[in-house]
Amino acid sequence: MKAPIPNNEKERLEAVHRLGILDTKPDPKYDALTREATEKLHVPISTVSILDTDREWYKSCQGLDMKEGSREVSFCGWALLSMDIFMVSDTLEDERFKENPYVVGPPYIRFYAGFAIRDSVTGAPIGVFCVKDTKPRKLSIDEIGILFDLAKKAELLLNTN
């Protein structure tokens, strides 16, 4: 199932491009946040994903040897629309994801959780701070708090570049 497109897509993309973050070099400040997420939440994968027109581009990525992926099959494309945490405890039990190429093939994602990162000027969602695992799981309230705090730090970094 394809990731949905927000109603405010034009405004959202204008915010993404205004920030000038796409295709920039890796930054240790973002890498520290995704590394902290993998360590504290005991997950193999964490990304700061910026969603462009057709792609999900990773400003930071721990646990995957990728710089971007297709937006249409991205989990972050769904998380982008959420005002709260977007969590999928078992991708094989979710109609939206059970046939997703990242679920049935490498990297075999079975768990996903992320918070949208918003533009400070318009409030439009520009990306997602997320974690992924290759086994089903749920986050505790404390773990959700850790993920939220890291997402807010990434959001602040993106909006102060």
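Within the stretch 37-118, considering only strands (runs of 3 or more DSSP E) that don't extend past its boundaries, which have at least 2 residues that are open to solvent by 10 Å² or more (accessible area, probe 1.4 Å) and charged (D, E, K, R)?
Values: elements: 45-51, 55-62, 68-70, 86-88, 111-118.
Where strands (runs of 3 or more DSSP E) fall fully within the stretch 37-118 and carry at least 2 residues being open to solvent by 10 Å² or more (accessible area, probe 1.4 Å) and charged (D, E, K, R), they are 55-62.
Out of G69, G105, G123, report the one residue that is farther than 22 Å from L41 by Cα, out of contact with any helix residue (DSSP H, G or I) (no Cβ under 7 Å at 6 or more places or on another chain) and touching a residue at least 12 places away in the same chain (Cβ under 8 Å). Lay out the reasoning, then the answer.
Details: G105 fails: touching a residue at least 12 places away in the same chain (Cβ under 8 Å); G123 fails: touching a residue at least 12 places away in the same chain (Cβ under 8 Å).
Of G69, G105, G123, the one residue that is farther than 22 Å from L41 by Cα, out of contact with any helix residue (DSSP H, G or I) (no Cβ under 7 Å at 6 or more places or on another chain) and touching a residue at least 12 places away in the same chain (Cβ under 8 Å) is G69.
So L156 ticks every box in (1) over 14 Å from L33 (Cβ atoms); (2) open to solvent by 50 Å² or more (accessible area, probe 1.4 Å); (3) without any contact (Cβ under 8 Å) to a residue 24 or more places away in the chain but one. Which box is left unticked?
So the condition that L156 fails would be (1).
When only residues in the stretch 57-69 that are at pLDDT 95 or above and of a type in the set (G, A, S) count, which is nearest to L22 (Cα to Cα)?
Ranking the qualifying residues of the stretch 57-69, first place goes to S60.
Return the pairs, sorted by first residue and then second, in which the second residue is surrounded by 14 or more Cβ atoms within 10 Å (Cβ to Cβ) and part of a loop (DSSP other than H, G, I, E, B), the first residue lies in the stretch 81-92 and is at positive phi, the beta carbons are less than 9 Å apart, and the residues are 6+ apart or on different chains.
Note: no pairs meet the criteria.
So is E9 under 21 Å from R137 (Cα atoms), among the charged types (D, E, K, R), open to solvent by 10 Å² or more (accessible area, probe 1.4 Å) and without any contact (Cβ under 8 Å) to a residue 24 or more places away in the chain or not? Even if it seems obvious, please write down each step before you answer.
Details: under 21 Å from R137 (Cα atoms): no; among the charged types (D, E, K, R): yes; open to solvent by 10 Å² or more (accessible area, probe 1.4 Å): yes; without any contact (Cβ under 8 Å) to a residue 24 or more places away in the chain: yes.
So E9 fails the test.
Any residue that is assigned to a helix (DSSP H, G or I) and touching a Ser or Thr at 6+ places or on another chain (Cβ under 7 Å) - is there at least one of those in the stretch 143-160? Full working, then the answer.
Taking the stretch 143-160 first, the residues assigned to a helix (DSSP H, G or I) are 143-160.
Then keep just the ones that are touching a Ser or Thr at 6+ places or on another chain (Cβ under 7 Å); that gives 159.
Looking for residues that are assigned to a helix (DSSP H, G or I) and touching a Ser or Thr at 6+ places or on another chain (Cβ under 7 Å), one finds at least one in the stretch 143-160, hence yes.
Just name the residue that is most open to solvent (accessible area, probe 1.4 Å) out of those in the stretch 19-36 that are without any contact (Cβ under 8 Å) to a residue 24 or more places away in the chain and part of a helix (DSSP H, G or I).
At the first step, the residues of the stretch 19-36 found to be without any contact (Cβ under 8 Å) to a residue 24 or more places away in the chain are 25, 28, 32.
If we keep only those that are part of a helix (DSSP H, G or I) as well, we get 28, 32.
Numbers: P28: 98, A32: 42 Å².
Looking at the filtered set, the residue picked out is P28.
The values are calculated or read from the model by the stated rules, or taken from the named source; none is laboratory data. If you're wondering where the values come from, they're calculated on a predicted model, not measured in any experiment. Reconstructed Cβ throughout: ideal geometry from the backbone, glycine too, with neighbour counts over all protein chains shown. To get the accessible areas, we keep the full protein, side chains included, count just its heavy atoms, and leave off ligands, DNA and RNA. Shrake-Rupley method; radii C 1.70, N 1.55, O 1.52, S 1.80 Å.
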